[in-house]
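The next block holds one structure in the form of structure tokens; read it before the comments.
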Amino acid sequence: QVQLVESGGGLVQPGGSLRLSCAASGTRFSINTMGWFRQAPGNQRELVARITSGGSTNYADSVKGRFTISRDNARNTVYLQMNSLKPEDTAVYYCNAKYLGREYWGQGTQVTVSS
């Protein structure tokens, strides 16, 4: 059973930075795609960024140029560096992994951008 454990959320002022981490366990092979989604109150869950095992990335238009996704394949860990944070980035951020045809989710970590 694949487990995803997120860390790094919190409260930050507008313009600040946070770094999220997500460590995967329970895998025997490399995870194909890992990513981050977010869900704000009253909104649907949306893709923020994702990265393949080969390093290909894609981002939501709203975070391009501000967020950077990266991964350490040896540690099965994915990171999300978030800079120039805005109040509209406030949401619960979920780690996501696609592994052997199935999709897995972390428990979520709260990111709040407020002065």
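The values are calculated or read from the model by the stated rules, or taken from the named source; none is laboratory data. Keep in mind that what you see is a predicted model, and the values were worked out from it rather than measured. Every residue, glycine as well, gets a Cβ built from its backbone with ideal geometry; the counts of neighbours run over all protein chains shown. Surface areas here come from the heavy atoms of the whole protein model, side chains and all, with no ligands, DNA or RNA. Shrake-Rupley method; radii C 1.70, N 1.55, O 1.52, S 1.80 Å.
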Could you give the alpha-carbon Rg of the chain over 2.2 N^0.38 Å, rounded to two decimals? 1.01
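Starting from 0.36 nm per residue, how many nanometres of slack lie between Thr27 and Ser114 once their C-alpha separation is accounted for?
Numbers: separation 87, 0.36 × 87 = 31.32 nm, distance 3.72 nm.
That works out to 27.6 nm of additional length.
Looking only at the chain, where both bridge partners belong to it, what percent of the DSSP beta bridges are antiparallel (to the nearest 5)?
Approximately 95 percent, going by the DSSP bridge assignments.
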What list of ³J(HN,Hα) values in whole Hz, one per residue of region 35-51 in order, does the Karplus curve 6.51 cos²θ - 1.76 cosθ + 1.60 (θ = phi - 60°) give from phi, with Gly and Pro shown as x? x, 10, 10, 9, 9, 8, x, x, 10, 7, 5, 10, 5, 9, 6, 8, 8
Treating only Lys and Arg (+1) and Asp and Glu (-1) as charged, each at its beta carbon, one finds that region 71-115 has a dipole about its Cα centre, in Debye to the nearest 20, of 180 debye
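Accessible area per residue of the chain at 1.4 Å probe, in Å²? It would help to have the intermediate numbers written out before the result.
Working: 6110 Å² over 115 residues.
Solvent-accessible surface per residue comes out at 53 Å².
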So what's the net charge close to Asn83: Lys and Arg +1, Asp and Glu -1, counting the other residues with Cβ under 11 Å from its Cβ? +2
Over the chain, what is the relative contact order in percent, taking alpha-carbon pairs closer than 8 angstrom and at least six residues apart? 36 percent
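Using only alpha carbons, build the gyration tensor for region 10-51 and give me the equivalent ellipsoid semi-axes, biggest first, whole Å. Numbers along the way, then the final one.
Details: eigenvalues 126, 46, 18 Å².
So the equivalent ellipsoid measures 25, 15, 10 Å along its semi-axes.
What net charge is computed for the residues neighbouring Gly16, neighbours being all others with C-beta under 13 Å from the C-beta of Gly16, Lys and Arg scored +1, Asp and Glu -1?
Result for the local shell: +2.
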Please identify which residues in region 51-88 have an amide N closer than 19 Å to a label point set 7 Å out from the Cα of Asn43, following the Cα→Cβ vector. 58-69, 80-88
Counting alpha carbon pairs within less than 8 Å and at least 6 residues apart, what relative contact order, in whole percent, applies to region 1-49? 30 percent
